[in-house]
Amino acid sequence: MPIAREGWPLILILLGLAAVGFLVRWPWVGGLFLLLGLFTAFFFRDPERAVPSDARLVLSPADGKVIVAGPAPAGNPLGEGATQVSIFLSVFDVHVNRAPIGGRISRVEYHKGQFLPAFQDKASLANEQNSVTIDGGGRSVSFKQIAGLIARRIIFKKKVGDTVAAGERVGMIKFGSRVDMFVPRDVRLRVQIGDRVVGGVSVVGERP
């Protein structure tokens, strides 16, 4: 299983501490760091994905559970009539984020904030987050990488003006977190609350 490069420094440190623990004959210390290293490798896994080729589709930007699927509140990046889909990522989900559509990145805005539990609705406004808008096919789709109670670092690898393909890797959020996505009013949702989605694979909506 491929592992995201952001995880390798932490994985190697933990495995190194495990080796030291075994060498000095502290097996419980070595075993603890070995387990932590293996879990960290599991967390940073970065599997290849078979991305759907239909340009009308809006794909999930993250793995996780859909916790919001409906009208977006006032003040959202796409304005009145937009639809919001929010995805909660537990520590057991893949945390690599992917572009929901192909197009050009027109906006990237990072905001410092709190670290409330990501499943709470108020985390969308109060927590540390990175907002991204992609323009493609005559429409725009926005998503927000939102830090959670455990997540303390948001990574975004692109910048304004970059062109991305649907399903392309664009960043990640370290440990439990949330992603909010906003789509235009004419996008027909294909998910509902409680659904499990896979980043770059699951279809969240369909554009006309």
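The values are calculated or read from the model by the stated rules, or taken from the named source; none is laboratory data. Note that the structure is a prediction, hence the values are computed from the model and not measured. Glycine gets a Cβ as well: all are built from the backbone with ideal geometry, and neighbour counts include every protein chain shown.
Quick look at the numbers
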quantity: Counted residues, the range 19-62 - those being under 30 Å from ILE134 (Cα atoms) and outside any helix (DSSP H, G or I); calculated: 19
quantity: VAL68 being closer than 21 Å to VAL164 by Cβ and surrounded by 14 or more Cβ atoms within 10 Å (Cβ to Cβ); calculated: no
quantity: Number of the exception - PRO61 against (1) surrounded by fewer than 19 Cβ atoms within 10 Å (Cβ to Cβ); (2) assigned by TED's automatic domain parsing to the domain that holds VAL85; calculated: (1)
quantity: Qualifying residue in the range 167-185 (condition: assigned to a loop (DSSP other than H, G, I, E, B), surrounded by 21 or more Cβ atoms within 10 Å (Cβ to Cβ) and hydrophobic (A, V, I, L, M, F, W, C)); calculated: no
quantity: Filter pass, ARG207 being surrounded by 14 or more Cβ atoms within 10 Å (Cβ to Cβ), over 11 Å from HIS95 (Cβ atoms), without any contact (Cβ under 8 Å) to a residue 40 or more places away in the chain and out of contact with any Phe, Trp or Tyr (no Cβ under 8 Å at 6 or more places or on another chain); calculated: no
quantity: Matching residues, the range 149-160, being at pLDDT 90 or above, buried (at least 17 other Cβ atoms within 10 Å of the Cβ) and part of a loop (DSSP other than H, G, I, E, B); calculated: LYS158
quantity: Odd one out for LYS65 among (1) part of a helix (DSSP H, G or I); (2) touching a residue at least 24 places away in the same chain (Cβ under 8 Å); (3) out of contact with any helix residue (DSSP H, G or I) (no Cβ under 8 Å at 6 or more places or on another chain); calculated: (1)
quantity: Hits in the range 191-200 (condition: surrounded by fewer than 16 Cβ atoms within 10 Å (Cβ to Cβ) and assigned to a loop (DSSP other than H, G, I, E, B)); calculated: GLN192, ILE193, GLY194
quantity: Test: ASP121 is among the acidic types (Asp, Glu), at pLDDT 80 or above and more than 25 Å from PRO2 (Cα to Cα); calculated: no
quantity: Some residue of the range 139-148 being modelled with pLDDT of 90 or more, more than 24 Å from ASP195 (Cα to Cα) and surrounded by fewer than 18 Cβ atoms within 10 Å (Cβ to Cβ); calculated: no
quantity: Residue list for the range 87-107, restricted to those being assigned to a strand (DSSP E or B), more than 22 Å from VAL51 (Cβ to Cβ) and within 15 Å of the chain's Cα centre (by Cα); calculated: PHE88
quantity: Residues that are touching a Lys or Arg at 6+ places or on another chain (Cβ under 7 Å) and farther than 17 Å from PHE92 by Cβ, drawn from the range 168-185; calculated: GLU168, ARG169, VAL170, GLY171, ASP180, PRO184
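Yes/no per residue for (1) assigned by TED's automatic domain parsing to the domain that holds GLN114; (2) among the hydrophobic types (A, V, I, L, M, F, W, C); (3) closer than 19 Å to ALA4 by Cβ:
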residue	(1), (2), (3)
GLN145	yes, no, yes
ARG153	yes, no, yes
LYS159	yes, no, no
ALA165	yes, yes, yes
GLY171	yes, no, yes
ARG188	yes, no, no
ILE193	yes, yes, no
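Rundown of residues vs (1) more than 23 Å from GLY194 (Cα to Cα); (2) charged (D, E, K, R); (3) touching a strand residue (DSSP E or B) at 6+ places or on another chain (Cβ under 8 Å); (4) at pLDDT below 95, yes/no style:
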| site | (1), (2), (3), (4) |
| --- | --- |
| ALA18 | yes, no, no, no |
| LEU57 | no, no, yes, no |
| GLU80 | yes, yes, no, yes |
| PRO100 | no, no, yes, no |
| SER106 | yes, no, yes, no |
